[in-house]
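Everything below concerns the one structure shown next.
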Amino acid sequence: MAMLELQNVDTFYGPSQVLRQVSLSVEQGEIVTLLGANAAGKTTTMKTIFGLVKPRNGTIVYDGERIDHLPTDQIIKRGLVLVPEARRVFSRMTVRENLDMGAYMQTDRATIAKEIERVYTLFPRLKERDKQLAGTLSGGEQQMLAIGRALVARPRMICMDEPSLGLSPILVQLVFDTIQEIRKSGVTVFLVEQNANMALNIADRGYVLQTGKIILSDKASALITNDVVRAAYLGG
Amino acid sequence: MHILAASSFDTGLFFQQIENGITLGAIYALVALGYTMVYGIIELINFAHGDVFMWSTIVTLSVAQALHIDHVLGGFALVGTLLLLLIVGILTSGGLNVLIERVAYRPLRRAPRLIPLISAIGVSFILENVAQLWKTANVIAYPVFFPTNAITIGSLTITYLDIFIFVLAVALMVGLNVFTNRTKMGRAMRATAQDPEAAALMGVNINQTISLTFLIGGALAGAAGVVYSMYASSVYFLSGFQLGLIAFTAAVLGGIGNIQGAVLGGFLIGIIEALATQYVPNGLAWSQGVAFAILILILIFRPSGLLGQQVPDKV
């Protein structure tokens with residue numbers, strides 16, 4: 001049974017349709033990537049999964065349960081979390097407070113402390129800046145914080161919306177290494193990316209979204225050599 | 001400083017007005033907090049907030065009348081009466097504010113920003129008209145039950161009531177500060193104020209958090225309503241309109257959305273108003289005009305207020 005499954009999802013912003021009959025699935029333990037150009041509907045797909053926009057038609061099932069009518073906080077409670085586009089850290093809060101917000105669903109203080117310590121081990125930069133306001137961090141540090149904030153929620157599945165956007169090549173590498181670490185720890189990963197090359201290198205499978213429709217889906221190794229993908233997303 | 005240079009300057013009078021201003025400012029600050037917290041979280045000027053404050057004054061008046069409180073109390077009777085009126089005032093305004101959000105603002109949350117503002121003005125009218133129907137359009141005396149004693153330091157007179165108001169206001173502000181900065185719910189409230197969508201993605205229930213904000217803002221106005229009635233020893237169905245506008249000015253002066261700013265703005269406006277009463281010719285008539293002149297000046301020269309606005313991040 002799939003961990004996450006979208007079936008024939010239509011999403012609208014007012015009168016304009018952004019997602020058209022989107023169907024995709026992510027199996028437990030996989031890294032699945034969703035590729036697509038700007039404005040193809042990648043972020044809308046994420047927002048629809050998390051109830052930030054409601055789909056007009058179709059179903060979304062997570063862990064055997066329909067979640068398309070649930071409010072966002074109820075979806076998070078089920079162990080499905082999002083690292084949103086543009087990081088969205090709480091700029092007027094400290095690094096530590098951001099991580100505490102990530103652990104909002106956790107009630108056991110000892111577990112929270114342990115999870116935060118784990119994030120600090122993963123990203124020592126964050127520990128150095130523990131008491132600094134998140135708004136004063138560099139873009140790369142904010143991305144680490146956004147990922148760390150999602151990890152302290154102890155997710156069973158993590159969705160990431162363009163985590164490499166605007167980062168230096170070294171940081172991009174760090175982000176993709178981290179994603180592989182996350183999968184190794186048993187967490188399922190659904191990754192939206194513009195950096196198709198990097199994404200397909202670590203993913204098991206991939207989907208290609210074009211103007212709101214899934215036009216291709218295959219094993220990542222097959223997509224890398226696919227002519228359409230090479231022409232459109234891998235620079236020929 | 002030119003004031004100090006005046007030849008016949010009476011420093012005693014000056015400090016007395018500062019003292020009056022601090023007492024008034026403490027009340028303004030409590031009401032300003034409600035404006036600023038609500039604006040900080042949903043970017044709405046809750047025009048009904050002043051009337052939410054007024055409802056605390058009329059409901060607690062009815063309670064005091066029902067209990068035949070009509071003379072100065074002492075000891076347990078005083079403490080018990082204060083506690084009872086404060087609890088009633090806090091529950092009235094806190095509950096009313098939560099109800100207003102639920103009925104008049106929440107259904108409009110995704111509407112253009114002008115729409116909930118009009119709804120707020122409508123709620124304000126309703127609250128005033130119902131209060132007028134119930135309590136008439138007359139100024140009604142609020143029973144004087146608090147000891148009217150005062151301490152004097154030189155020529156400065158500080159009444160026990162002034163001290164009580166100041167201590168209560170500061171205690172509530174410290175409590176609010178501890179809540180927002182040290183508790184999980186307070187942190188969720190600040191997160192929601194910065195980015196509601198991101199807060200929801202942490203698992204925060206946004207509707208509940210917004211209700212909590214209205215509850216706290218209303219509760220502070222409720223406490224202010226009780227002490228203001230004691231201070232003015234009268235109640236009037238339009239009192240919230242005037243006081244609300246002044247408290248709103250205080251919130252803008254400090255920086256809308258900024259909790260520390262509302263406190264600073266409240267005390268500053270209180271002190272400026274008291275000094276204007278003393279030093280502007282025919283000052284009593286001008287004291288509120290001065291408050292609004294300040295509002296206009298801030299909006300022109302420093303629209304983000306003294307300590308800076310704190311509004312949701314734009315994504």
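The values are calculated or read from the model by the stated rules, or taken from the named source; none is laboratory data. Small disclaimer: the values here were computed from a predicted structure and weren't measured. Heads up, the Cβs are rebuilt from the backbone with ideal geometry, glycines too, and the neighbour counts pull from every protein chain shown.
Identify, please: which residue in the stretch A:106-117 is out of contact with any helix residue (DSSP H, G or I) (no Cβ under 6 Å at 6 or more places or on another chain) and assigned to a loop (DSSP other than H, G, I, E, B) and is, among those, farthest from the other protein chains (Cβ to nearest Cβ)? Working first, answer last.
Within the stretch A:106-117, the subset out of contact with any helix residue (DSSP H, G or I) (no Cβ under 6 Å at 6 or more places or on another chain) is A:107-115, A:117.
Next, only the ones that are assigned to a loop (DSSP other than H, G, I, E, B) stay: A:107-108.
Numbers: A:THR107: 9, A:ASP108: 13 Å.
Among those that are out of contact with any helix residue (DSSP H, G or I) (no Cβ under 6 Å at 6 or more places or on another chain) and assigned to a loop (DSSP other than H, G, I, E, B), it is A:ASP108.
Does the stretch A:134-157 hold any residues that are within 11 Å of another protein chain (Cβ to nearest Cβ) and of a type in the set (A, V, I, L, M, F, W, C), and which are they?
A:ALA134, A:ALA146, A:ALA150, A:VAL152, A:ALA153
Consider A:LYS127 against the criteria (1) at pLDDT 95 or above; (2) out of contact with any Phe, Trp or Tyr (no Cβ under 6 Å at 6 or more places or on another chain): it satisfies all of them except one. Which criterion is unmet?
(2)
Pairs under 6 Å by beta carbon, first residue farther than 16 Å from A:PHE190 by Cα and in the same structural domain as A:GLY140 (by TED's automatic domain parsing) in the stretch A:71-98, partner surrounded by 19 or more Cβ atoms within 10 Å (Cβ to Cβ) and basic (Lys, Arg), six or more apart or different chains?
A:VAL95/A:ARG129; A:ASN98/A:ARG149
On the basis of being buried (at least 16 other Cβ atoms within 10 Å of the Cβ), at pLDDT 95 or above and touching a helix residue (DSSP H, G or I) at 6+ places or on another chain (Cβ under 6 Å), does A:TYR120 make the cut? So that I can check it myself, show each step before the final result.
Values: buried (at least 16 other Cβ atoms within 10 Å of the Cβ): yes; at pLDDT 95 or above: yes; touching a helix residue (DSSP H, G or I) at 6+ places or on another chain (Cβ under 6 Å): yes.
So A:TYR120 fits the description; yes.
Within the stretch B:104-119, does at least one residue satisfy the condition of being of a type in the set (Phe, Trp, Tyr) and either more than 20 Å from the chain's Cα centre (by Cα) or within 14 Å of chain A (Cβ to nearest Cβ) (or both)? Talk me through it step by step, then tell me what you get.
Filtering the stretch B:104-119 for residues of a type in the set (Phe, Trp, Tyr) gives B:105.
When the remaining residues are screened for being either more than 20 Å from the chain's Cα centre (by Cα) or within 14 Å of chain A (Cβ to nearest Cβ) (or both), the result is B:105.
Yes: the stretch B:104-119 contains one or more residues that are of a type in the set (Phe, Trp, Tyr) and either more than 20 Å from the chain's Cα centre (by Cα) or within 14 Å of chain A (Cβ to nearest Cβ) (or both).
Which one of the conditions (1) in the same structural domain as A:THR111 (by TED's automatic domain parsing); (2) under 16 Å from the mean Cα position of the chain (by Cα) does A:ALA134 fail to meet, given that it meets all the rest?
(2)
So the check is Cβ under 7 Å with 6+ separation or different chains; which pairs have a first residue in the stretch B:151-163 that's farther than 12 Å from B:THR23 by Cβ and a second one that's in a strand (DSSP E or B) and modelled with pLDDT of 95 or more?
Going by the 7 Å Cβ cut-off, the qualifying pairs are B:ILE151/B:ILE158.
Please work out which residue is farthest from the other protein chains (Cβ to nearest Cβ), limiting yourself to the stretch B:282-315 and to residues that are without any contact (Cβ under 8 Å) to a residue 40 or more places away in the chain, part of a loop (DSSP other than H, G, I, E, B) and exposed (fewer than 11 other Cβ atoms within 10 Å of the Cβ).
Here the answer is B:ASN282.
Here is a list: B:LEU264, B:LEU284. Which entry is modelled with pLDDT under 85 and among the aliphatic types (A, V, I, L, M)?
Values: B:LEU264 fails: modelled with pLDDT under 85.
Result: B:LEU284 is the single residue among B:LEU264, B:LEU284 that is modelled with pLDDT under 85 and among the aliphatic types (A, V, I, L, M).
Any idea which of (1) surrounded by fewer than 24 Cβ atoms within 10 Å (Cβ to Cβ); (2) assigned to a loop (DSSP other than H, G, I, E, B); (3) in contact (Cβ under 8 Å) with a residue 40 or more places away in the chain is the one B:ASN46 doesn't satisfy?
(1)
Step by step: first the residues of the stretch A:159-172, then only those that are more than 12 Å from the chain's Cα centre (by Cα) and in contact (Cβ under 8 Å) with a residue 12 or more places away in the chain, then the one that is surrounded by the most Cβ atoms within 10 Å (Cβ to Cβ). Which residue is that?
Just the residues of the stretch A:159-172 that are more than 12 Å from the chain's Cα centre (by Cα), to begin with: A:165-172.
Imposing the further condition that a residue be in contact (Cβ under 8 Å) with a residue 12 or more places away in the chain reduces the set to A:165-168, A:171-172.
Working: A:LEU165: 16, A:GLY166: 13, A:LEU167: 20, A:SER168: 12, A:LEU171: 18, A:VAL172: 18.
Top of the filtered list is A:LEU167.
Against the conditions (1) in contact with a Gly (Cβ under 6 Å, 6 or more places away or on another chain); (2) modelled with pLDDT under 95, where does B:LEU13 fall short? Just the number, please.
(1)
Of all the residues that make up the stretch A:74-90, how many are assigned to a loop (DSSP other than H, G, I, E, B) and within 7 Å of chain B (Cβ to nearest Cβ)?
Matching residues across the stretch A:74-90 total 4.
Can you spot a residue in the stretch A:216-234 that is within 14 Å of another protein chain (Cβ to nearest Cβ) and either part of a helix (DSSP H, G or I) or more than 30 Å from B:GLN194 (Cα to Cα) (or both)?
No, the conditions are met nowhere in the stretch A:216-234.
Which one is nearest to B:ASP195 (Cα to Cα), of the residues in the stretch A:22-56 that are assigned to a loop (DSSP other than H, G, I, E, B) and small (Gly, Ala, Ser)? Before the answer, list the steps.
Filtering the stretch A:22-56 for residues assigned to a loop (DSSP other than H, G, I, E, B) gives A:27-30, A:37-41, A:50-56.
If we keep only those that are small (Gly, Ala, Ser) as well, we get A:29, A:37, A:39-41, A:51.
Values: A:GLY29: 31, A:ALA37: 26, A:ALA39: 23, A:ALA40: 25, A:GLY41: 22, A:GLY51: 16 Å.
Step by step, filter the stretch A:22-56, then rank; the result is A:GLY51.
Please work out which one of (1) among the polar types (S, T, N, Q); (2) surrounded by fewer than 19 Cβ atoms within 10 Å (Cβ to Cβ); (3) within 14 Å of chain A (Cβ to nearest Cβ) is the condition B:ASN177 fails and give its number.
(3)
If I ask for residues that are small (Gly, Ala, Ser) and more than 15 Å from the chain's Cα centre (by Cα), which ones from the stretch B:203-240 would you list?
B:GLY203, B:SER211, B:SER233, B:SER234
Scan the stretch B:65-115 for residues that are free of Cβ contacts under 8 Å to residues at least 40 places away in the same chain and among the basic types (Lys, Arg) and jot them down.
B:ARG110
Return a yes/no flag: does the stretch A:190-203 have any residue that is assigned to a helix (DSSP H, G or I), assigned by TED's automatic domain parsing to the domain that holds A:ASP161, β-branched (Val, Ile, Thr) and under 18 Å from A:PRO169 (Cα atoms).
Start the filter on the stretch A:190-203 by keeping residues that are assigned to a helix (DSSP H, G or I), which leaves A:196-202.
Add one more test, that the residue is assigned by TED's automatic domain parsing to the domain that holds A:ASP161, and what stays is A:196-202.
Still in the list and also β-branched (Val, Ile, Thr): A:202.
Checking the rest, the ones that are also under 18 Å from A:PRO169 (Cα atoms) come to A:202.
Yes, the stretch A:190-203 has at least one match.
Restricting to the stretch B:205-246, name every residue that is crowded, with 24+ Cβ neighbours inside 10 Å and within 14 Å of chain A (Cβ to nearest Cβ).
Selection gives nothing.
If you take the residues in the stretch B:95-140 that are polar (S, T, N, Q) and not in a loop (DSSP other than H, G, I, E, B), which one is farthest from B:PRO196 (Cα to Cα)? Break it down stepwise before answering.
Of all residues in the stretch B:95-140, those polar (S, T, N, Q) come to B:97, B:119, B:124, B:129, B:132, B:136, B:138.
Add one more test, that the residue is not in a loop (DSSP other than H, G, I, E, B), and what stays is B:97, B:119, B:124, B:129, B:132.
Numbers: B:ASN97: 20, B:SER119: 22, B:SER124: 27, B:ASN129: 34, B:GLN132: 38 Å.
Per the criteria, the residue is B:GLN132.
Given the condition within 14 Å of chain A (Cβ to nearest Cβ) and either surrounded by 14 or more Cβ atoms within 10 Å (Cβ to Cβ) or more than 19 Å from the chain's Cα centre (by Cα) (or both), answer yes or no: does some residue in the stretch B:148-166 qualify? Please lay out each step first, then the result.
First pass over the stretch B:148-166, keeping only residues within 14 Å of chain A (Cβ to nearest Cβ): none.
No, every residue in the stretch B:148-166 fails to be within 14 Å of chain A (Cβ to nearest Cβ) and either surrounded by 14 or more Cβ atoms within 10 Å (Cβ to Cβ) or more than 19 Å from the chain's Cα centre (by Cα) (or both).
What number of residues within the stretch B:184-204 are crowded, with 20+ Cβ neighbours inside 10 Å and at the interface with chain A (Cβ under 7 Å from one of its Cβ atoms)? Lay out the reasoning, then the answer.
Of all residues in the stretch B:184-204, those crowded, with 20+ Cβ neighbours inside 10 Å come to B:187-196, B:198-204.
With the extra rule that they be at the interface with chain A (Cβ under 7 Å from one of its Cβ atoms), the set shrinks to B:187-188, B:190-191, B:194-195, B:198, B:200-204.
Residues meeting the conditions: 12.
Working carefully through the options B:VAL170, B:VAL178, find the one that is in a helix (DSSP H, G or I) and within 16 Å of B:ILE27 (Cα to Cα). Break it down stepwise before answering.
Details: B:VAL178 fails: within 16 Å of B:ILE27 (Cα to Cα).
Matching residue, one of B:VAL170, B:VAL178: B:VAL170.
Right, B:ILE256: part of a loop (DSSP other than H, G, I, E, B) and touching a Gly at 6+ places or on another chain (Cβ under 8 Å) or not? Give the steps one after another, and end with the answer.
Values: part of a loop (DSSP other than H, G, I, E, B): yes; touching a Gly at 6+ places or on another chain (Cβ under 8 Å): yes.
When the stated conditions are applied, B:ILE256 passes them.
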